[in-house]
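Report on the structure given below.
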């Protein structure tokens, strides 16, 4: 099934006292460009996520954002008993020294003690990084599935558009063929008239040489090869749409070939009807080229 390079998926998860959110986005690109913004303190997480995405996506600019926070935003208060005893011992020593010097200190309160740095610990318990990484990788799996599913859905819609444009190109090629057929008699008449004018106004001119030159002009204006190559490109485009695996880069190259033949057709036309068909052909080819940019 054909994939588009456009996709989006999001999700949320929680484990080990933490919660996180995912945002996975993809747009078209020449190759596979992965940009991950994940917590760097979770060792191995970025590498593991890159491997998961690379296995499912072959082309496109893909961005993953992951935000991690504590489930308890305020954090739990924990009394550091050892630090408290150290503070009390220090306070007792200070009061004893003050009494010896005849100084009177104001009474201390519990609030004074807990205000000392380190007596109350508000930091969250350090999570098990390995277990957290495993949980997050497992939680990311359905997000990646949704992302790929959206790319498939976009790809299915894209195939319909591409097939419609390819069919339109095929119709215009046949219109061009009919214009060539109707041009044939007109072109032959113009060549005969040109030959007659040359012969009437040029004494001693080699008639055979003039005929050869006019024949060369006729050959140069022949668009049979261009039309045949356009038909070959149409068949190749349909084969690419039906092929398995990424075909975007091959399609990019094929569009260059389409455009080259259409340009040559217009330059050789020498006929209003054929020129109109050629210009319409270039327009549809350009539209097809724009759509192809989204094919993986």
Practice item. Name the one entry in 17, 7, 11 that is in contact with a strand residue (DSSP E or B) (Cβ under 9 Å, 6 or more places away or on another chain) and either surrounded by fewer than 16 Cβ atoms within 10 Å (Cβ to Cβ) or under 30 Å from residue 110 (Cβ atoms) (or both). Key: 17
Practice item. Test residue 44 against the stated conditions and say whether it is surrounded by fewer than 16 Cβ atoms within 10 Å (Cβ to Cβ) and either in contact with a helix residue (DSSP H, G or I) (Cβ under 7 Å, 6 or more places away or on another chain) or modelled with pLDDT of 95 or more (or both). Key: yes
Point to revise | Every pair of residues 6+ apart whose Cβ atoms lie under 9 Å, when the first sits in the range 29-44 and is closer than 26 Å to residue 127 by Cβ while the second is loosely packed, with under 12 Cβ neighbours inside 10 Å | key: 43/130; 44/130
Practice item. Sort through 162, 172, 158 and tell me the only one that's in contact with a strand residue (DSSP E or B) (Cβ under 6 Å, 6 or more places away or on another chain), outside the structural domain of residue 28 (by TED's automatic domain parsing) and part of a helix (DSSP H, G or I). Key: 158
Exercise for review: Name the one entry in 64, 32, 24, 49 that is farther than 20 Å from residue 154 by Cβ and crowded, with 16+ Cβ neighbours inside 10 Å.
Suggested key: 49
Revision key, fill the gap. Within the range 237-296, residues at positive phi and either modelled with pLDDT of 90 or more or part of a helix (DSSP H, G or I) (or both) come out as none
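The values are calculated or read from the model by the stated rules, or taken from the named source; none is laboratory data. Everything quoted here is computed from the prediction, not taken from an experiment. Heads up, the Cβs are rebuilt from the backbone with ideal geometry, glycines too, and the neighbour counts pull from every protein chain shown.
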